[in-house]
Amino acid sequence: MVFQKNKLGLVRVTKSLFRLYILRQMVPLFVIWYLTNKCNAKCKYCDIPLREKKELPTNRVLKLIDEMAKRGVLRIGFVGGEPLLRKDIDTIISHAKNKGLMVHLYSNGFLAKEHLKTIKKLDGVFFSLDGPEKIHDSMRGKGSHKKVMNAIKLCNKYTPTFVTSVLTKKNINYISYMSELSKKENFLLNFQPVLQIPSLSSDISSYKLSETELKKCLTNILQLKKSNSNIALSEVYLKRMLKRNSSTQKKGYQLGIVKCWNGQAACHIDSNGDLFSCIHLNNKEKALNLKDNSFGKAFENVHSCSCKTCNVTCSVEYNFWLSLHPGAILNLTNMLKRIRRNSK
Ligand code: SF4
Ligand code: SF4
C-alpha cells in the first residue's frame with residue numbers, strides 16, 4: 001500500500017480510522033468509480049456498453065480527487081466500461097497517485113500494453129478471466145482470452161495483478177484450472193458469482209448459479225485455498241457463505257454474512273457522476289450528482305445502507321476488514337506480505 005509508505009499517508013490512514021471507529025463518523029475510505037460506460041468488449045452478462053455515454057470532464061474528475069484526498073479517502077478503484085478507453089486516464093491515475101491515494105484499476109486488459117507506464121504506477125490491476133480460451137471467449141468474445149492473458153503476463157512483472165473469475169453455469173468445472181493457472185502465472189485469484197445489477201447487467205438468469213451450484217463452488221474454492229495462497233478470498237468469507245441462509249440475512253447484517261459498510265465507509269460513483277452508497281441501489285437511491293455537488297455533500301446524502309438483505313458478494317472482503325474480523329485481516333496481511341515479496 002503506497003499510501004502507507006510516506007508520512008502523509010500514515011497520518012491520513014490514522015485520521016480516517018479515528019473518525020470512523022472512535023468518532024463514529026461517515027468516512028468514505030473506499031471509492032469505486034465507474035469512469036466510463038464505453039467498452040471495447042461485449043461480455044454476455046453485461047449491459048454497461050449500452051448505457052448512456054455521459055462522463056464527468058477531466059478537470060472535474062481531478063478536482064474531485066483533490067477533495068477525496070482531503071475527506072479521508074484511502075483507496076479509489078477505477079472501473080468501467082473499460083477505463084483505459086478514457087483519453088485522460090493516464091492523467092487521472094497519475095493525479096490520484098500524486099495525492100497519496102491507493103489506486104486500483106479494473107480492466108479487460110485489451111489496452112494494457114499501450115498504458116503500461118501508467119499501470120506501473122498502480123497499487124494493483126484487476127483483470128477478468130473466466131477459464132480456458134473456449135470458455136472465456138464464449139462469454140466475452142472471440143480473441144479476448146489471448147488479449148487478457150497477454151495483459152496478465154505483462155502487468156504481473158510490474159504491478160500486483162489480480163484476476164477475477166466470474167462464476168456462471170458455464171465455468172463451474174474450471175475452478176481447479178483457474179487455481180493451477182494462478183500458481184503457474186503467479187497472480188492473485190478471486191472468484192465472483194455472476195450478479196444481476198440494475199441497469200448494468202443483462203438478463204443473467206440462464207448463467208446464474210443455483211444455491212446448490214454456488215455451495216459446490218465455494219466448497220471447492222475453500223479446499224483449494226488450503227494449498228494455494230494465491231486465492232485471495234478469505235476462509236472466513238468462504239465459510240460464512242457456505243453457512244448462509246435466509247435467516248442470517250437480518251438488519252445490520254445485510255450481506256447475510258457480515259455488516260455492509262457501504263454508505264458509511266465506502267461509496268460508488270456512476271459514470272455520469274451520480275454518487276450512490278452502492279451501485280446495486282442505482283434504481284432505489286436518490287443520488288446527488290458530482291458535476292454540481294461537492295464529493296462531501298454527495299457522500300453525506302447517502303446513508304449507511306438501508307437494505308435489509310442482499311446476496312451481493314463483491315466488495316464483501318472489505319466489509320470483513322472494516323468489521324475488524326481477525327481472520328479476514330490475517331488473510332489481508334498475508335496477501336500484502338506476498339505482494340511485498342513479489343515486488344522485491
Ligand atoms: S464486463 Fe467489463 S469488459 Fe465486459 S462488456 Fe462489461 S464493462 Fe466491458
Ligand atoms: S445492496 Fe448489498 S452490498 Fe449494496 S449496500 Fe445493500 S447490503 Fe450493501
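Throughout, read-outs are computed from the coordinates displayed, never taken from laboratory work. Just so we're clear, the structure is a prediction, and the values are computed from it rather than from any experiment. Cβ: placed from backbone, ideal geometry, glycine included. Neighbour counts: every protein chain shown.
Find how much the distance from residue 223 to residue 67 grows on full extension, using 0.36 nm per residue of separation minus their present alpha carbon separation; answer in nm with one decimal.
Length gained between residue 223 and residue 67: 51.8 nm.
Can you grab the distance from the C-alpha centre of the range 143-169 to the C-alpha centre of the range 119-140, Å, no decimals?
3 Å
List the GluC sites (Glu not before Pro) within the range 40-133 that fall in a DSSP loop (any state other than H, G, I, E or B) and whose Cβ has at most 15 other Cβ atoms within 10 Å.
Hits after loop and neighbour filter: 52.
If you plug each phi of the range 229-237 into the Karplus form 6.51 cos²θ - 1.76 cosθ + 1.60 with θ = phi - 60°, what whole-Hz ³J(HN,Hα) values come out, in order, with x for Gly and Pro?
Each residue's phi maps through the Karplus curve to give 6, 6, 6, 7, 4, 7, 4, 4, 4 Hz.
Given a cut-off of 25 Å, name the pairs among 42/87; 117/297; 63/121; 183/208; 38/142 whose C-alpha atoms lie farther apart than that in the structure shown.
117/297; 183/208
Determine how many Å³ per residue the convex hull of the Cα atoms of the range 102-159 encloses.
67 Å³
Loop-only check: which trypsin sites (Lys or Arg not before Pro) in the range 64-169 are DSSP coil with at most 11 other Cβ within 10 angstrom?
Within the range 64-169, the qualifying trypsin sites (Lys or Arg not before Pro) (loop, at most 11 other Cβ atoms within 10 Å) are 87, 142, 157.
Only helical DSSP H runs with n ≥ 4 go in: add -39500 (n - 2.57) per run for the chain, normalise by residue count and round the 222 nm mean residue ellipticity to 500 deg cm²/dmol.
About -11000 deg cm²/dmol.
Could you give the radius of gyration (one decimal) and Dmax (whole number) of the Cα atoms in the range 69-224, in Å?
Cα only, the range 69-224: 16.4, 47 Å (Rg, Dmax).
Let me test this: with uniform point scatterers at the alpha carbons of the chain, what is the Debye-based log₁₀ I(q)/I(0) at q = 0.09, 0.15 1/Å?
The calculated log intensity ratios at q = 0.09, 0.15 Å⁻¹ are -0.45, -1.51.
Given an 8 Å cut-off on Cα distances and at least 6 residues of separation, report the relative contact order of the chain as a percent.
Across the chain, relative contact order equals 17 percent.
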